[in-house]
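**Student:** Take this structure first; my questions come after.
Just so it is clear, none of the values below were taken in a lab; they were calculated from the coordinates. Keep in mind that this is a model prediction, so the values were computed, not measured. No Cβ is skipped: glycine too gets one built from the backbone with ideal geometry, and neighbour counts run over all protein chains shown.
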Amino acid sequence: MHYYQTIVIGLGGIGSAALYHLAKRCKSTLGIDQFQVPHSWGSTHGGSRITRLANGEGNVHTQLALRAAELWKAAQQEVEGELLHQCGGIIVNNSLAGSFNNKENYFAHTVSMAEKYGIEHEVWHAAQAREKFPALHFADDETVLYEPTAGFLRPENCINAHLQLAETLGAEIWQNTPVFDIEEISGGMRVHTNRGVVEAEQVVLTVGPWIGKVLLEYRQLFKIIRQVTFWFAVDDWRQFMPENFPIFIRPSRGGNKGIYGFPAIDGENGGIKIASEYLARPTPLENVDRKVHPAEIEEIYQQDILPNMRNVSPQCISAATCLFTETLDYGFLIDRHPDMKSVVIASPCSGYGFKFAPALGELIAQLTFKQPTSVDLNGFSFQRLVN
């Protein structure tokens, strides 16, 4: 029987990063995924993810974002292909803006974090924002936070990079390998897979939307959310290239949640990517609707693109679904299993965590090896969800 110091189950954005940082500390590490990664069944596909440094969720998230930016840049120097592109980004605020990521006064908190941590930024009135980004519409009562270090990540490239770096350090990777069961044994854990049984001192669970299948007794603590992303054609693609157009986060008016989007990162034929929080809805994992319906395309175009953007065609080039795994308070879960102390659970994202991936991978490795953690983990505890 194969025995490892650490096994990571689930090799998406967070799992692949955890595997890499564990491989730096481990004599023997195994990463397992039920699919060939990266894949389109979970949370980390679709060509792009927003990254930014100032985070309205507070100090810990901003600290993680700053550390992640360092680690993304370091990884990009070691592999081929683009991981991080800092094209600049904006967050829009208006008098009717509601919460974002379950945080009230999100805009003000984000500005506060930028000021506190010395993150380069500017706060614009609507007229300034119109002059800078004429393809976006800004109402007179809107204020805009501009962060030049914001941008986007290439999630598939990022996952491949972390796996490649982990393998270079000696990690073993099993893909297309479902895990049937994990059980506690004397001195560690036993993992049953379709390739046989393996054992480890510790197991890290980074299984994304499959968390409820692995932790059946705690599945009520998580919601699986179906999110839809759209790519729309534009009239002048050069106007929407990253050098001319930012990533953006905008609250909807009238109580609906916000929208977010990206420049034309793939050039002339790629279009711009946009998604809406109000189209993100709970779904049973066993019966996810993977089809994007014409009514969804029409809804986002009429409600969010026409009022807020210029020179965007109604032609939807493509659309895709992905799954978010949300905790009850939209916070992260990074903690030891309450009953199996050789298991670390990391279900951190709630739809907004990919940008933190390398810093979270480092944090998971620190927790796994009982090292001092780089940030305070109290806010990510298991206990807060079960009380």
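**Student:** Between the helical axis of 106-116 and the dominant principal axis of the chain, each derived from Cα atoms, what acute angle in degrees is found, rounded to the nearest 10?
**Tutor:** Between the helix axis and the principal axis of the chain, the angle is about 80 degrees.
**Student:** Sticking with this structure for a sec: Determine one quarter of the surface area of the Cα convex hull of region 27-71, which equals its mean projected area, and express it in nm² to one decimal. Working shown, then result.
**Tutor:** Numbers: hull surface 21.3 nm².
Averaged projected area of region 27-71's Cα convex hull equals 5.3 nm².
**Student:** Now, a different point. If you take every residue apart from Lys341 with its C-beta less than 14 Å away from the C-beta of Lys341, what net charge results, scoring Lys and Arg +1 and Asp and Glu -1? Intermediate results must be reported in sequence, preceding the final value.
**Tutor:** Working: positive: Arg336, Lys370; negative: Glu183, Glu184, Glu201, Asp335, Asp339.
So the surrounding residues net to -3.
**Student:** In nm², what is the average projected area of the convex hull enclosing the Cα atoms of region 333-372?
**Tutor:** Numbers: hull surface 11.6 nm².
Projected over every direction and averaged, the Cα hull of region 333-372 covers 2.9 nm².
**Student:** Summing Lys, Arg as +1 and Asp, Glu as -1, what charge do residues with Cβ under 13 Å from the Cβ of Arg195 carry, Arg195 excluded?
**Tutor:** On the way: positive: none; negative: Asp33, Glu172.
Summing Lys/Arg as +1 and Asp/Glu as -1 gives -2.
**Student:** On a full-extension model of 0.36 nm per residue, what is the gain between Lys291 and Gln164, subtracting their alpha-carbon distance, rounded to one decimal in nm?
**Tutor:** Values: separation 127, 0.36 × 127 = 45.72 nm, distance 3.22 nm.
Full-extension gain reported as 42.5 nm.
**Student:** How far apart, in nanometres, would the label points at Glu80 and Leu328 be if each is projected 7 angstrom from Cα along the Cα-to-Cβ direction?
**Tutor:** 4.9 nm
**Student:** A further question follows. Mind checking the log10 I(q)/I(0) for region 202-285 at q = 0.22, 0.26 Å⁻¹? Debye, one equal scatterer per Cα, no solvent, two decimals.
**Tutor:** Reported log10 I(q)/I(0), two decimals: -0.98, -1.15.
**Student:** At most 14 other C-beta atoms within 10 Å and a DSSP loop state: those are the exposed GluC sites (Glu not before Pro) I care about. Give me the longest piece of the chain that has none.
**Tutor:** 244-387
**Student:** Continuing with the same structure: Can you tell me the orientation of helix 155-168 relative to the chain, as the angle in degrees between its alpha-carbon axis and the longest Cα principal axis, to the nearest 10?
**Tutor:** 30 degrees
**Student:** Let me ask something else about it. With all pairs of different alpha carbon atoms counted, what Kirkwood hydrodynamic radius in Å does the chain show?
**Tutor:** Working: mean 1/r = 0.0468 Å⁻¹.
Evaluated on the chain, it is 21.4 Å.
**Student:** What's the magnitude of the charge dipole for the chain around its Cα centre, counting Lys and Arg as +1 and Asp and Glu as -1 at the beta-carbon? Answer in Debye, nearest 20.
**Tutor:** Details: 32 positive and 42 negative charges, 98 e Å.
So the magnitude is around 480 debye.
**Student:** For the chain, what is the mean residue ellipticity at 222 nm derived from helices alone (per DSSP H run of n ≥ 4: -39500 (n - 2.57); sum divided by total residues; nearest 500 deg cm²/dmol)? List each step's numbers first, then the result.
**Tutor:** Numbers: 9 runs with 90 residues, N = 387.
Here the helix-only value at 222 nm equals -7000 deg cm²/dmol.
**Student:** State the percent of C-alpha pairs, over all pairs in region 25-154, separated by a distance greater than 16 angstrom.
**Tutor:** Details: 5950 of 8385 pairs.
Percent of Cα pairs beyond 16 Å in region 25-154: 71.
**Student:** In square nanometres, what is one fourth of the surface area of the convex hull spanned by the alpha carbons of region 239-343? Let's see the in-between values first.
**Tutor:** Details: hull surface 39.4 nm².
Result: 9.8 nm².
**Student:** How tilted is helix 357-368 with respect to the longest principal axis of the chain? Cα atoms for both, answer in degrees (0 to 90, nearest 10).
**Tutor:** With both axes taken from Cα atoms, the answer is about 30 degrees.
**Student:** Residues of region 122-149 with the amide nitrogen closer than 19 Å to a label point 7 Å from the Cα of Asn311, along Cα-to-Cβ, please.
**Tutor:** Hits in region 122-149 for Asn311 at 19 Å: 127-139.
**Student:** How would you classify region 311-362 from its alpha-carbon gyration tensor, with a ≥ b ≥ c the square roots of the eigenvalues: rounded for a/c under 1.5, else prolate if a/b is greater than b/c, otherwise oblate? Display every interim value, and only then the final one.
**Tutor:** Details: a/c = 3.45, a/b = 2.72, b/c = 1.27.
Since a/c reaches 1.5 and a/b is larger than b/c, the shape of region 311-362 is classed as prolate.
**Student:** Taking 2.2 N^0.38 Å as the expected size of a compact globular protein, what ratio does the Cα radius of gyration of region 179-322 give against it, to two decimals?
**Tutor:** Numbers: Rg = 20.7 Å, N = 144, 2.2 N^0.38 = 14.5 Å.
Against the empirical 2.2 N^0.38 Å value, I get 1.42 for region 179-322.
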